[in-house]
Structures are given as structure tokens and as C-alpha cells.
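Laboratory data are not the source of any read-out in this text; all were calculated from the coordinates shown. Predicted model only: the values in this text are computed from it and were never measured. For neighbour counting, all protein chains shown are included, and Cβ atoms are generated from backbone atoms with ideal geometry for every residue, glycine included.
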Amino acid sequence: MATAAGEALQEARRAYRQRELDKARAQVENGLRLGPDEPELLHLAGCIALDQQRFGDARDLLAKAHRRDPQSAAIAYNLGSACFGLQDYAAALAAFSSVLDWAPRAQDTAFKTGCALGSLREWQAAAAALLLAQRRGDTRGETACGVGECARELVAGGQHAPRYSLPPERAPGRISVVVCSIAPEKLARLRENLDERLAGEDWELIHIADASSLCEGYNRGVARATGELLVMCHDDIRILSTDFAAKLRAYLATYDLIGVAGTTQVSGPSWGWSGRPHTYCWVSQVFLNTQSRDKGPVTLLIGAHGPVVEGAQMLDGVFLAARRSLLQTLNFDEATFDRFHFYDLDFSYRAHLAGARVAICLDIALFHDSAGSYNEDYWRYADRFRSKFPQACVAANHVRSTIPWMPLAASDAVVLDELAWLRHWASRSDAELLGVVRAAATGHAEAGPLP
């Protein structure tokens, strides 16, 4: 590069680093008059145009830079971003296809690639890219919601996810379902649901009608139960999975304690305290939270791995299932948690500390006719949890992030079809997901070359 053009480049870079974009633009344009084909000048000029949202100029400058230096990942990435800004998604994919695993911008490249593929109705590849973005650290709600939208589009188009085989081993023995309930109507609905989901199984329902706390009620129910496999759940759930019994036996053949929501990293007095990527939940529920009742029922979309997440440290008590062998050595702490909060968090965390095999089984699909609440009583017992486990409460504040969700589908069958796609994608390795994305992106790159 000629000396004068090089000096203009250095001045432009200094101004750009200080976010003096107009000054940087003037300097780089001066440099381009001296060296119109210099890829570094073209690249910086394109980046300035991109930051100023002059997407057409950015595309033209970066395309020229890319022709001069086709090996530069940074130029390819920024060219893709310019095309993305212009909503020229085929051209964006053509640029991104060579930098899908470029470390400095891996997360954002995966996100934009997923959005571009979705705009081109490449639903499976779009979901794979958005899931990759999550695994690379993207915790935006829109990214996880995008995966759900891809599943919904595929199901609406009549496409079914590939079949998923459960592990072959099954835990033997009677199934005991322990429920604390003071609502006869809820209990009747749950019994009807269990009659259907456990048809042909040896099972019993243990109803505790006068529990002084959930810890006390579950301890009493477990003592009365005769089964080897014990389920402890709320009375206001409806199990959606038609293969529930098979999943229950398959997962309890491998794990000591399972749930449908929880975390792999405890840092405070709730399973959601650490936030994503440590939290997992695909439960459907009556509404997102008390502030969002008007949005109606939802399916939560928390978690980019699955369908079974090993190494869980804390589980939500909406649904718990355990082997009797665990419950013979570990009971619920009714002395400390003598009301209706923290029975689940305390028990599952102690199971983890004791070396039990604890897992979150996302594909045990259920609907919960509640969204829970963090009321004054909850925080009173949170203080007890902190006192009992100070080593677990290392974060002063809850991670603040948007909870990803999608509206609940019109029927249980559609919910299960959508979750089947989530299960399929979540079970793929990063390399498998990247292969799906790369194939789709390369196909569009061949069909629509770079500008």
C-alpha cells in the first residue's frame, strides 16, 4: 500500500475506534482515492457504511474487498451482515457459508444465518443454525423462539420429525404416584389422565388430602407407597406424552431422580437463578407469568440440548420421579420447609450433593394449569435455603433474561409434534447441526453468487 494511502488508513482506523464515523469515512475515502483497490481500505469503508446503516454502500464496498481478498473471514462476515441488512438473504448466506465456524463472530453468524434461512423457509436448517447460536452463548429470547417457530412451520406443513428411540432398558416394578391435593376436581382430572397414560401398567395413586406441607405430605405418601418407581407431582398437571410410561421406565432405568425442568448450575434460591444456558424447560403452562395472562397458554422453550440433560443440580417440583432406592436414603426436609415452597429445590439439590444421578427429561411433555409465583412466602423460605446452603447461593441476583416461549398449539397432538422437532434438533451434536446449516447455506451460495 502506498505511503499516503496507508497513512489515511491509520487515521481512519483511529477515528473508527473512537466511533467518530464521519471523520473515519472522510479519511478512508481519501485513502481510496489513492488506493482504490486496497482490500483493507475497502473493508474499513464497508464497516463504516455498515455501522451507519448505509447497507447498499456497505455491500458494494465489501463485495469489492472480498474479490480482492477472498480468504478474509472478517470481510466475508461483514459482507454477509451488509446483505442481511438489505434483506438479500441468499447473498447473505453465500457470504456466511465460508465463516460459519469463524470463532470471533461464531454466535452472531449462526444467528443471522438462521434468520436468513428462516426467511427463505429453510426451516430445518434455520432451526439448526439458531440452536447453534444458543450453544455458542446466544441467550436472546428471540433466538430460542425462532427454533420454536421453525418447528411450528414444519408441523403446519405436515412434516413430522424423525422417530426417536428410547433407551432399551426399562426399570421394573409398580409405579406409585403421590399427590397432595385439597381440590377434588383437580384430583379427578389428574386420575383420569393417569388412567389413560398408565393404561396396562401396575400402578397406584397415593392421595394426601391433609398435608401440612408438601415435604410432610410427600414423606407420608412415600411411606404409604408400594411401588419401586415413585412420581410426585402437582394436582393441576396433564401429562401429554402418550408414551409416558415407557419414558418413565426408560429414564428411571438410568437415573435416580428425574424432572421436567431445572438447572445444571445452582447459584441461588431458584432453579432459574443461573439463567441460560444452564436452565431447561419445555413445559406448557396456562400463561407465561402473572403479568402476561392476556397472552394465553404457552410452551416454554428453555434449553438447547436434550431431550435428556444429565448432571442436573436442581429440579422444579411440578413433576418429580425417583427410584425407591433414593427415597429410602433421602427424604423431604419437613422441619426446614414446613409450608409449600422449596420442598423440590432442597430435595433435588441434596440428591445431587449425595451423588445421585439426576436428569432433566424435557420430552416428558405436560401441561401445567399454573405458572407459579414468587410471593412473600417464597422469599421467606428462600432465606432458609440460603442459610442451609450458603455454598449454593453465590450469586446475589437472579440472571435477568427474556424467557423464550411460543403460544400453545391448538391440540395436544400438535404440541407433541412440535416438541418432537425440538427433541430431534436438541439431540444433534454441534457437528451435525453445522453440517445441516452448511449444506443449506452452500446450496443457496451456489444458486445465488455473491454480488
- Message: Going by Cα centres, region 92-143 and region 323-385 are how many Å apart?
- Response: 36 Å
- Toward the positive end of the charge dipole of the chain, about the Cα centre and with charges on Cβ (Lys, Arg +1; Asp, Glu -1), which of C281, T336, A128 goes farthest? A128
- Message: Just to confirm the number: angle between the C-alpha axis of helix 55-68 and the first principal axis of the chain, 0 to 90 degrees, nearest 10?
- Response: 70 degrees
- Using the Karplus curve 6.51 cos²θ - 1.76 cosθ + 1.60 with θ = phi - 60°, work out ³J(HN,Hα) for each residue of region 34-50 in order, rounded to whole Hz, and write x for Gly and Pro. 8, x, x, 10, 6, x, 5, 5, 4, 5, 5, 4, x, 5, 4, 4, 5
- Note on the structure: With -39,500 (n - 2.57) per DSSP H segment of 4 or more residues and division by the full residue count of the chain, the 222 nm estimate, nearest 500 deg cm²/dmol, is -15000 deg cm²/dmol
- Query: Across the Cα atoms of region 1-128, what radius of gyration and what greatest pairwise Cα-Cα distance (Dmax) are found, in Å?
  - Reply: 15.2, 50
- Shape of region 81-180, Cα gyration tensor, a/c cut at 1.5: prolate
- Spatial extent of region 231-408: Rg and Dmax, with the Cα atoms as the point set, Å: 15.4, 44
- For the chain the mean separation of alpha carbon contacts under 8 Å (6+ apart) over residue count, i.e. relative contact order in percent, is 18 percent
- Task: Along each of the three principal axes of the Cα atoms of region 311-451, give the extent in whole Å, ordering the values from largest to smallest.
- Result: 68, 36, 32
- Message: For K186, give me every one of the lysines with a C-alpha distance below 25 angstrom, ignoring sequence neighbours fewer than eight places off in its own chain.
- Response: K247, K295
- Query: Which angle between 0 and 90 degrees, to the nearest 10, do you get for helix 184-197 versus the longest principal axis of the chain when only C-alpha atoms count?
  - Reply: 70 degrees
- Loop-only check: which chymotrypsin sites (Phe, Trp or Tyr not before Pro) in region 156-264 are DSSP coil with at most 14 other Cβ within 10 angstrom? Y164
- Distance from region 243-298 to region 65-81 (C-alpha centre basis), Å: 42 Å
- Among (1) 36; (2) 49; (3) 20, which one is percent of Cα pairs over 38 Å apart computed from these coordinates? (1)
- Query: Looking at region 1-75, which trypsin sites (Lys or Arg not before Pro) are DSSP coil and have at most 14 other C-beta atoms within 10 Å of their C-beta?
  - Reply: R19
